[in-house]
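Undergrad: Before I ask anything, let me first share the structure, which is written out below as structure tokens.
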Amino acid sequence: MRLDRLGGWVLGGGLALAAASGIAAEAPKSGFYGALSAGGIVRNDVDATSGGVTGTFEFEPGFTFGAALGYRFGSIRLEGEFTYGRDAFDNLSLLGVNVGLTGDIDSYTFTGALYYDFRLPGGWSPYVGAGAGATHQSTQNVTATVGGTTLALGGNDSTNFTAFGEIGVAYALSNRVELVPAYRFQYINDGGSGTDDSLLHHFKVGFRIGF
């Protein structure tokens, strides 16, 4: 699935829901809030080089769920978040040969973030922000198939530094509830020894609820 098509479905659907509500409410200006989100993730191809030979790993799109707790100070928000995501291996291109891959990649991410809201009339609040933390990635039951032969490659677990940037827009459905479509670009420091670090694109829609 193309990245732009997945993103268009998720973000476009969220904006359509906001426009259909027809409510001109305003979110709280301060206080605690909780948030839940869901959407799709797309991982960039990863190049790995060994002995002068480079192979390219390709991945299938996946899904993500998130839960967050934050506090707003006017237009500034501080937030802690946990997200779970799953995507999968798809293919390895090596010396002109395509090797079919299977195997899920489960990601568990804990981050802290700082956001800034641009409050506009009519209940709209575009925002930008960035955060950092740690991601634990677990791969299980990875297999490779070439020439009709399938090999079991096992799995691997690792915990690495992660950072992200995010843009989105919140729409106030009531004085406590906001609908929030967003895009996040995530970096994971999991490369090394000739292998690229991971770069992921998140397209999500969530709800933010003030306490």
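Undergrad: Among the numbered criteria (1) without any contact (Cβ under 8 Å) to a residue 40 or more places away in the chain; (2) under 30 Å from T149 (Cα atoms), which single criterion is violated by L114?
TA: Failed condition: (2).
Undergrad: Follow-up question, since we're still on this one. Within the stretch 156-178, track down each residue that is among the small types (G, A, S) and surrounded by 14 or more Cβ atoms within 10 Å (Cβ to Cβ).
TA: A163, G165, G168, A170, A172, S174 - these are the residues of the stretch 156-178 that are among the small types (G, A, S) and surrounded by 14 or more Cβ atoms within 10 Å (Cβ to Cβ).
Undergrad: Counting only residues that are under 30 Å from V142 (Cβ atoms) and part of a loop (DSSP other than H, G, I, E, B), which one in the stretch 87-129 is least open to solvent (accessible area, probe 1.4 Å)?
TA: Residue satisfying both the conditions and the ranking: G96.
Undergrad: Tally up the residues in the stretch 162-211 that are of a type outside the set (F, W, Y) and closer than 24 Å to S138 by Cα, please.
TA: From the stretch 162-211, those of a type outside the set (F, W, Y) are 162-163, 165-170, 172-182, 184, 186, 188-202, 204-206, 208-210; that's our starting set.
Narrowing further to those that are closer than 24 Å to S138 by Cα: 162-163, 165, 184, 186, 188-202, 204.
Result for the stretch 162-211: 21.
Undergrad: Can you tell me which residue in the stretch 179-199 is nearest to the chain's Cα centre (by Cα), limited to those that are assigned to a strand (DSSP E or B) and either modelled with pLDDT under 95 or of a type in the set (K, R) (or both)?
TA: R184
Undergrad: Whether any residue in the stretch 170-181 is out of contact with any Gly (no Cβ under 6 Å at 6 or more places or on another chain), over 20 Å from D106 (Cβ atoms) and among the small types (G, A, S) is what I want to check.
TA: Yes, some residue in the stretch 170-181 is out of contact with any Gly (no Cβ under 6 Å at 6 or more places or on another chain), over 20 Å from D106 (Cβ atoms) and among the small types (G, A, S).
Undergrad: So for the stretch 72-84 (the condition being hydrophobic (A, V, I, L, M, F, W, C) and in contact with an Asp or Glu (Cβ under 6 Å, 6 or more places away or on another chain)), does at least one residue qualify?
TA: As a first pass, look at the stretch 72-84 and keep what is hydrophobic (A, V, I, L, M, F, W, C): 73, 76, 78, 82.
With in contact with an Asp or Glu (Cβ under 6 Å, 6 or more places away or on another chain) added as a condition, the list becomes none.
So far as the stretch 72-84 goes, no, none of its residues is hydrophobic (A, V, I, L, M, F, W, C) and in contact with an Asp or Glu (Cβ under 6 Å, 6 or more places away or on another chain).
Undergrad: Which is in a strand (DSSP E or B) and within 17 Å of P181 (Cα to Cα), of E58, E79?
TA: Of the residues listed, the single one that is in a strand (DSSP E or B) and within 17 Å of P181 (Cα to Cα) is E79.
The values are calculated or read from the model by the stated rules, or taken from the named source; none is laboratory data. In this text the structure is predicted, and so the values were computed from the model without any measurement. Here the Cβ is made from the backbone with ideal geometry for all residues, glycine too, and neighbour counts use every protein chain on show. Side chains included, ligands, DNA and RNA excluded: accessible areas come from the protein's heavy atoms. Shrake-Rupley method; radii C 1.70, N 1.55, O 1.52, S 1.80 Å.
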